[in-house]
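Following: one structure in C-alpha cells, then a few remarks.
The values are calculated or read from the model by the stated rules, or taken from the named source; none is laboratory data. Since the model is a prediction, treat every value here as computed from it, not as a measurement. We place every Cβ from the backbone using ideal geometry, glycine too, and count neighbours over all the protein chains shown. For the accessible areas, the whole protein counts, side chains as well, though only heavy atoms, and no ligand, DNA or RNA atoms are used. Shrake-Rupley method; radii C 1.70, N 1.55, O 1.52, S 1.80 Å.
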Amino acid sequence: VLDMEVTQKPSRPHWYERHVQPCLAELLGSALFIFLGCLSVLQDSGGTGRLQPALAHGLALAVTVAVLGDI
C-alpha cells in the first residue's frame, strides 16, 4: 500500500481581491483619515492647540488599521 499525499497548488486570488479590494480599502481609509482630521480642526475647543488634531489623526489611523489591516 502506497501512502501518497495529493497536494493542490494554491489558487490565485480573484481579480477583485487583488485589485479592487485594496483600492477600496485605501479610499475608505483616506476618506476617514481626512474627514476626522478636518473635523477635529473645525471643532477645536479653545486651548487644545495642536493636541486635538494630532490625537484625532492618530485615532483615525489606529481605527483604520484595526478595521482594514487584513485586506
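Tell me the angle of helix 51-68 to the major Cα principal axis of the chain, expressed in degrees between 0 and 90 and rounded to the nearest ten.
Helix 51-68 sits roughly 20 degrees off the main axis of the chain.
Give the angle, between 0 and 90 degrees and rounded to the nearest 10, that separates the Cα long axis of helix 21-42 from the longest principal axis of the Cα atoms of the chain.
Approximately 10 degrees, to the nearest ten.
Hey, what does the equivalent ellipsoid look like for the chain, semi-axes from the Cα gyration tensor as sqrt of 5 times each eigenvalue, largest first, whole Å?
45, 14, 5
So what's the back-of-envelope 222 nm ellipticity for the chain, counting only DSSP H runs of four-plus at -39500 (n - 2.57) apiece and dividing by all residues, rounded to 500?
-19500 deg cm²/dmol
Among Ser40, Ser30, Ser11, whose mean-square fluctuation peaks in a Gaussian network model of the chain (Cα, cutoff 10 Å)?
So, out of Ser40, Ser30, Ser11, the one fluctuating most is Ser11.
I'd like to know which of Phe35, Ala60, Pro10 lies farthest towards the positive end of the charge dipole of the chain, counting +1 on Cβ of Lys and Arg and -1 on Cβ of Asp and Glu.
Ranked along the dipole, the leading option is Phe35.
Given a 1.4 Å probe, how much area per residue of the chain is accessible, in Å²?
I get 89 Å² per residue for this part.
Of the residues Gly47, Gly29, Gly37, which exhibits the maximal mean-square fluctuation in a Gaussian network model of the chain defined by a 10 Å Cα contact cut-off?
So, out of Gly47, Gly29, Gly37, the one fluctuating most is Gly47.
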